[in-house]
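Engineer: Dumping the structure here so I can ask a few things about it.
The values are calculated or read from the model by the stated rules, or taken from the named source; none is laboratory data. Everything quoted here is computed from the prediction, not taken from an experiment. No Cβ is skipped: glycine too gets one built from the backbone with ideal geometry, and neighbour counts run over all protein chains shown.
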Amino acid sequence: MMDGPSARPNPGASPLMIRYRSLARVATPIAALAGVVLLGGPAFAHTGVTSQQAQALAVDAVLSFKAAGESDTAGIDEVQVVLPAGIAPADVSLVKAPEGWTFKPGAEGFSLAGPGLAPGKNAEYQVKVRQLPDAQQVVFKTLVLYTDTQVDRWIEVPQGGSEPKNPAPVLKLAKAAPGATPLAAASPSPSPSPSPTPSPSPSQAVPSARANVTLVLETSTEKSLGNGGIVIGTVAVLLVAVGGVIWWRRRSARS
């Protein structure tokens, strides 16, 4: 059986042209492999927030959060959120969370914790805010904790139109509806009604999520550098392989 036209050598092709074509055939699959490595590495997925009531001064707005599970070996077992200016912890209540998870308000935000989710599974939850502030956007700095103690820190605020490496969830707000006004501050109840889940005592109060953000700075940075090093190292090996092919081709052509 005769080979197709693409398999026949071109009598008019120079030796240099033949070498370049051979190199291209070798380099193409290597470049494709590099793309797979880059795309198949950690996705650095974001933790996001959405709402159908994303409007300044909206009342009883339900916010939906999704914390991306980035680990292949450990599951998310806690999420800590720092509330933006204009939203008090007392003005936030839980709507929906993973099964078995509990909601706890803190000094500057809230936390959700419970049994660890399956590795790679996102932690999705909803909270209701008494009233959104009169602002163009609200930022929810978030920590995502895993069962193996690693921490993802989504606390950087986008600036100048560029997205940081660890962007905090941001909810853009439309202008307030005509006639909308801020609600009066909620007054603490003198005698709290009975609840099946007792409130934590002062000694058991949830620590400030913002303080925890500072504490995990080094851990999260090391994790990010480690992931980046794996990808860079793999690409370097592929480039060395391409260089070796070029050297071998040139040496063969001279001999």
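Engineer: Which of the numbered conditions does residue 115 fail, given that it passes all the others? Conditions: (1) at pLDDT 95 or above; (2) out of contact with any Asp or Glu (no Cβ under 8 Å at 6 or more places or on another chain); (3) not aromatic (Phe, Trp, Tyr).
Structural biologist: Failed condition: (2).
Engineer: Looking for something touching a strand residue (DSSP E or B) at 6+ places or on another chain (Cβ under 8 Å) and among the acidic types (Asp, Glu) - is there at least one such residue anywhere in the range 92-107?
Structural biologist: no
Engineer: Looking at residue 142, is it closer than 16 Å to residue 76 by Cα, among the polar types (S, T, N, Q) and part of a strand (DSSP E or B)?
Structural biologist: yes
Engineer: What number of residues within the range 68-109 are polar (S, T, N, Q) and without any contact (Cβ under 8 Å) to a residue 24 or more places away in the chain?
Structural biologist: Summing the residues that are polar (S, T, N, Q) and without any contact (Cβ under 8 Å) to a residue 24 or more places away in the chain in the range 68-109 gives 0.
Engineer: Give 127, 81 a once-over and let me know the one that is surrounded by 14 or more Cβ atoms within 10 Å (Cβ to Cβ), under 14 Å from residue 49 (Cα atoms) and touching a helix residue (DSSP H, G or I) at 6+ places or on another chain (Cβ under 9 Å).
Structural biologist: Step by step, each of 127, 81 is checked, and only 81 is surrounded by 14 or more Cβ atoms within 10 Å (Cβ to Cβ), under 14 Å from residue 49 (Cα atoms) and touching a helix residue (DSSP H, G or I) at 6+ places or on another chain (Cβ under 9 Å).
Engineer: Quickly run through the range 30-53 and pick out the residues that are more than 21 Å from the chain's Cα centre (by Cα) and at pLDDT 50 or above.
Structural biologist: Scanning the range 30-53 gives 52, 53.
Engineer: Check residue 134 against each of (1) under 22 Å from residue 183 (Cβ atoms); (2) acidic (Asp, Glu); (3) crowded, with 19+ Cβ neighbours inside 10 Å and name the one condition it does not meet.
Structural biologist: Here residue 134 clears every test but (3).
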